[in-house]
Amino acid sequence: MAESFGVDPGRYDCARPPYPAALIERILAAGPGRDVLDVGCGTGIEARQFLAAGCRVLGVDPDARMAGFARETGVDVEVATFEAWDPAGRTFDAVVAGQAWHWVDPVVGAAKAVEVLRPGGRLAVFGHVYDMPPGVAEVYAAALKRVTPDSPMSVAGHDRSALDIYQTMFAAAADGMRQVKGLGEPEQWRFDWEQPYTRDEWLDLLPTTGVLTRLPADQVADVLADVGAAVDKIGGRFTLPYTTLAAVAPRAG
């Protein structure tokens, strides 16, 4: 699934929301400088935010399609998994990962970050969390179960909130940081915000999510038709509460 997001990088880049400005500012305020390594940079969404804040950014991503799109937007990217990537002696003031650290081994990745971080630098991993509106979430789950009845992804996690699932994931990320010599005690950050969506905007976002990126086009269309009808029933638009979670640890020494 990690390499399925590049099927339509243009849609991904357009539909996925950026990160809160307060998160970017807090990461930079905590570090010694503005050289940033962006792990799993994808199409460059957060990389461009760091560039706009005056940083020098290098991205690393295993998907050549995503990396190619990011380069076209002005982001310098090298194609590799973070675990296998060769830093070639380069060091950074921050190692960041937006919506990507769960694809990295949490201990191996944290150890690699220690290798490339300057003293006082930060490893900061973060991601968005949301639950679909009532009435839409249930229709989405039912549609997935109908079109992919044998897939565990069609039913996994629907008995838990997204925030609960992601808090568990970020706790695991923090535990990985604690196991690595050279990182201080990780902090947990949280940013709450809202994003309005029209029906069409929401149907543009959904195909960029991990479950739908792996389905055939006809099955995706079936799911989107049901979800679109559900959004129509609640007025054709909604405002979605988002939470952005982060686990951040300093480089000691």
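A few comments on the model shown:
- Members of region 194-237 found to be within 17 Å of PRO17 (Cα to Cα) and touching a helix residue (DSSP H, G or I) at 6+ places or on another chain (Cβ under 7 Å), listed by number: ARG199, TRP202, LEU203, ASP204, LEU205, LEU206, PRO207, THR208, ARG237
- Look at (1) closer than 23 Å to MET169 by Cα; (2) of a type in the set (S, T, N, Q); (3) open to solvent by 50 Å² or more (accessible area, probe 1.4 Å) and you find that THR73 fails only one, number (1).
- Checking each residue of region 23-32 against the condition of being among the hydrophobic types (A, V, I, L, M, F, W, C), within 23 Å of TYR242 (Cα to Cα), open to solvent by 30 Å² or more (accessible area, probe 1.4 Å) and over 14 Å from the mean Cα position of the chain (by Cα) gives no match.
- Candidates GLY235, GLY182: the one that is exposed (fewer than 13 other Cβ atoms within 10 Å of the Cβ), farther than 20 Å from CYS14 by Cα and either in contact (Cβ under 8 Å) with a residue 24 or more places away in the chain or not hydrophobic (A, V, I, L, M, F, W, C) (or both) is GLY235.
- Flag if ALA230 is surrounded by 13 or more Cβ atoms within 10 Å (Cβ to Cβ), at pLDDT 95 or above, within 30 Å of ALA111 (Cα to Cα) and of a type outside the set (Ser, Thr, Tyr): no
- If the condition is being in contact with a Pro (Cβ under 8 Å, 6 or more places away or on another chain) and under 20 Å from TRP101 (Cβ atoms), then region 9-36 contributes only ALA30.
The values are calculated or read from the model by the stated rules, or taken from the named source; none is laboratory data. The model shown is predicted, which means the values in this text are computed figures rather than measured ones. Every residue, glycine as well, gets a Cβ built from its backbone with ideal geometry; the counts of neighbours run over all protein chains shown. Just the protein is used for accessible areas: all its heavy atoms, side chains included, with ligands, DNA and RNA removed. Shrake-Rupley method; radii C 1.70, N 1.55, O 1.52, S 1.80 Å.
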